[in-house]
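The values are calculated or read from the model by the stated rules, or taken from the named source; none is laboratory data. Predicted, not measured: the structure shown is a model, and the values here were computed from it. As a convention, Cβ positions derive from the backbone with ideal geometry for all residues, glycine included, and neighbour counts pool all protein chains shown. Remember, those area values only see protein heavy atoms, side chains included, never the ligands or the DNA or RNA. Shrake-Rupley method; radii C 1.70, N 1.55, O 1.52, S 1.80 Å.
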Amino acid sequence: MGFANQRFNVNLSILFTELPLLERPAAAAAAGFTAVELWWPWVDSPTPEQSELDALKKAIEDAGVQLTGLNFYAGQLPGPDRGALSIPGAESEKFRANIDVTADFAQSLGCKALNALYGNRVEGVDPAEQDALALENLALAARAADRVGAILLIEALNKPESPLCPIVSAPKAIEIVNKVNEATGLGNATFLMDLYHLSMNGEDLPSVIEQYASKTGHVQIADNPGRGAPGTGTLPLADLLDQLKKAGYEGWVGLEYKPGDRPSAEAFDWLPAEARAAR
């Protein structure tokens with residue numbers, strides 16, 4: 001099967017970033033893709049002006065692409081932050097203010113997956129206090145996602161690049177998924193399986209897929225080392241995606257890799273043009 005049998009979307013927060021935000025959906029479409037995903041685009045504002053939301057919505061609609069995934073507000077990303085929902089004080093309040101804004105924007109574009117990044121440990125704050133706050137906020141996010149017919153994604157990052165984040169393994173992410181589902185009774189919290197992050201953690205990827213494919217709501221890929229396009233590193237990504245398919249995963253595969261020292265439009269030569277449009 002390989003790459004030709006997958007449903008890919010392009011993450012416009014790591015690819016096409018050489019372009020202004022509003023030009024990226026059209027650039028993805030010009031490259032042959034019909035679906036995109038985004039980190040929260042306004043890193044300084046969890047509640048941007050409606051005109052900014054409307055402009056991004058129009059850019060996505062005019063490009064003829066489907067928004068399939070969106071992050072809740074997560075602080076400075078890219079940057080030092082790894083989420084906001086477990087950070088007591090202002091960041092947690094920003095996350096809460098953002099929940100319905102994100103959910104409503106997603107609903108307006110038919111987006112069915114919302115990613116809530118956990119956040120770093122804070123020096124001088126009891127981890128148990130952070131975890132209790134995180135569960136409260138994740139439950140709020142899960143209910144908002146459910147309101148708009150979406151799933152909530154819980155992502156495991158990697159310890160070398162995110163040493164202060166407590167969710168740096170597949171089992172830990174699954175633990176949080178289960179806690180959120182238990183707290184809400186909704187069952188819409190799922191695992192975001194980022195194969196790059198898990199490989200950076202040294203996890204056994206075939207085993208992770210075997211154990212957790214049924215709890216996985218979204219998959220993201222980049223090669224390792226380097227977080228580049230498939231084929232620039234050593235991960236057997238085509239084989240891993242085949243295994244996911246065989247395990248019953250039918251969702252999207254987000255292309256969340258760095259284009260390197262070339263324009264993003266040239267970073268898809270590993271994927272035949274006819275395999276880029278979602279089927």
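Here segment 135-224 is treated with +1 on each Lys and Arg Cβ and -1 on each Asp and Glu Cβ, and its dipole about the Cα centre works out to around 300 debye. Counted over all Cα-Cα pairs of the chain, pairs farther apart than 22 Å make up 54 percent.
Accessible area per residue was computed with a 1.4 Å probe on protein heavy atoms; residue 17 scores about 70 Å². Put simply, the C-alpha atoms of segment 131-210 give a gyration tensor, and the ellipsoid matching it has half-axes of 24, 14, 10 Å, longest first. Sorted largest first by accessible area at a 1.4 angstrom probe radius, with every protein chain in place, the residues 40, 252 fall in the order 252, 40. Its Cα centre serving as origin, the chain has a Cβ charge dipole (Lys and Arg +1, Asp and Glu -1) of approximately 520 debye.
Here residue 179 is the anchor, and the lysines within straight C-alpha reach of less than 30 Å, apart from those fewer than 8 places off in the same chain, are 94, 112, 159, 215, 245, 246. A P(r) calculated from all alpha carbon pairs of segment 76-129, with 10 Å bins opening at zero, reads 21, 47, 25, 6, 0 percent. Ellipsoid semi-axes for segment 87-168, based on the Cα gyration tensor and the rule √(5λ), read 24, 15, 10 Å when sorted largest first. Label point of residue 265 set 7 angstrom out along Cα-Cβ; within segment 27-68, amide nitrogens under 13 Å from it belong to 27-33. Can you work out the FRET efficiency for the pair residue 183 and residue 161, with r the C-beta to C-beta distance and R0 = 41 Å, to the nearest 0.05? The value I calculate is 0.90. Along the axis of the charge dipole computed for the chain (Cβ charges of +1 for Lys and Arg, -1 for Asp and Glu, origin at the Cα centre), the listed residues 188, 218, 6 are led at the positive end by 6.
Based on alpha carbons, the Rg and Dmax found for segment 98-234 are 15.3, 43 Å. Highest mean packing comes first when the peptides 257-265, 133-141, 210-218 are listed by Cβ atoms within 10 Å, giving 133-141, 210-218, 257-265.
Taking 7 Å steps out from each Cα toward its Cβ at residue 62 and residue 129 produces label points 4.8 nm apart. Spin-label pair residue 45-residue 246: with each label point 7 Å from Cα along the Cα-Cβ axis, the two points sit 4.9 nm from one another. Assuming charge only on the beta carbon of Lys and Arg (+1) and of Asp and Glu (-1), the dipole of segment 1-158 about its Cα centre is about 520 debye to the nearest 20.
DSSP assigns beta bridges within the chain; of those with both partners inside it, close to 5 percent run antiparallel. Under the simplified labelling scheme, the residue 278-residue 109 pair shows an inter-label distance of 1.1 nm, with each label point 7 Å from Cα along Cα→Cβ.
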